[in-house]
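Worksheet: one structure, shown below.
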Amino acid sequence: MTFDIAEAMALTVRRGRSINEAVLRVFSVDPRHRDLLALPGVQIPERALRAALNWFTECGDQSLDRRIERALNRANGVDDAAETVYRLAAEHFRRIRISDDSNWQGWRGVDHPRDDQDVENLVLLTVGRFLGVDEVGVESWVNIICGRPWRKEGNNDAQETKAVLKSMLIGRQTAGSGLIGDFNHVSSSRVRERLSGTEIERIRQTRNKIAFVAELSNYYVYARSEGTEDAFVVRTREAVQASIDANMLFRALIPAADIGAGGDWHRMTALLIMILTQDEKDPIEESYSQALDRLAAAVAPGTFPDP
């Protein structure tokens, strides 16, 4: 096992880059074969893995969330905070759209806007996460969730999904449960605290479930576009439609399978931390962890032990 780690790290370490980045790249996707479905992956020692996750939480390649967090610490009042979040998010997503226009060759991930409306949706999503989703409203929130269309998803499927989600959100609001709970941004210090209390085996299993759902989601998307109705498609569709949380998580996981030459370690790590550190007040109907368990059981029955 020590040789496996050394070999994988040797293929991943980059001059001038943090060793923690290399650890997370290896943890996300084994660089020797880049197969998300290969289990077990490289067994990074617990101490090194925890240190790398803490590094990512604090540094995170200057992620949008951390830049907003630092800016909000300097903001004066609610109005200033709203303007700050909107401005930073708009700059971020406009930059992504411009940089991707020259090489876009198909479906992008949930954080890659295709047009001005996509930019606005993603900005509103960010505002909701930091300042509360009540700032966005039901109609806008449904558009945000459904705004990242699956590859070759038919218009009828998209409209059906939107109608179901809107009905569920309005029902929750009518019942007096609030629009979608306290779906707020979590500070980096709070994230590190929650990670420190998470068992290492749960961290590893969560990574494995993310990998399986992301990889096999590609077949599901393709099969749906071709009208296939096999047992896999039925199970996966039921899991995806079981809750708003599962639907949102599934859409976020799909791009993680686009590992390319270096692996989408950043996305996988961000999703891992998001799932493991979600506040108990955040879920709409179930936690992301519960939704991931449901999705993993659907795409790969019998692969993982019951939670």
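Brief remarks on what is shown
- Residue identified as closer than 24 Å to R25 by Cβ and modelled with pLDDT of 90 or more among A291, A296, A261, A252: A296
- Scope the stretch 212-242; condition more than 25 Å from D264 (Cβ to Cβ) and of a type in the set (G, A, S); matching residues: G227, A231, A242
- Subset of the stretch 181-208 that is outside any helix (DSSP H, G or I) and more than 18 Å from F27 (Cβ to Cβ) - its residue that is modelled with the highest pLDDT: G197
- Selection count, the stretch 222-238, where residues are touching a residue at least 60 places away in the same chain (Cβ under 8 Å) and of a type in the set (G, A, S): 1
- Selected residue [surrounded by 13 or more Cβ atoms within 10 Å (Cβ to Cβ), modelled with pLDDT of 90 or more and over 30 Å from E58 (Cβ atoms)] from V213, V233, V221: V233
The values are calculated or read from the model by the stated rules, or taken from the named source; none is laboratory data. Since we're looking at a predicted model, the values are computed, not measured. Heads up, the Cβs are rebuilt from the backbone with ideal geometry, glycines too, and the neighbour counts pull from every protein chain shown.
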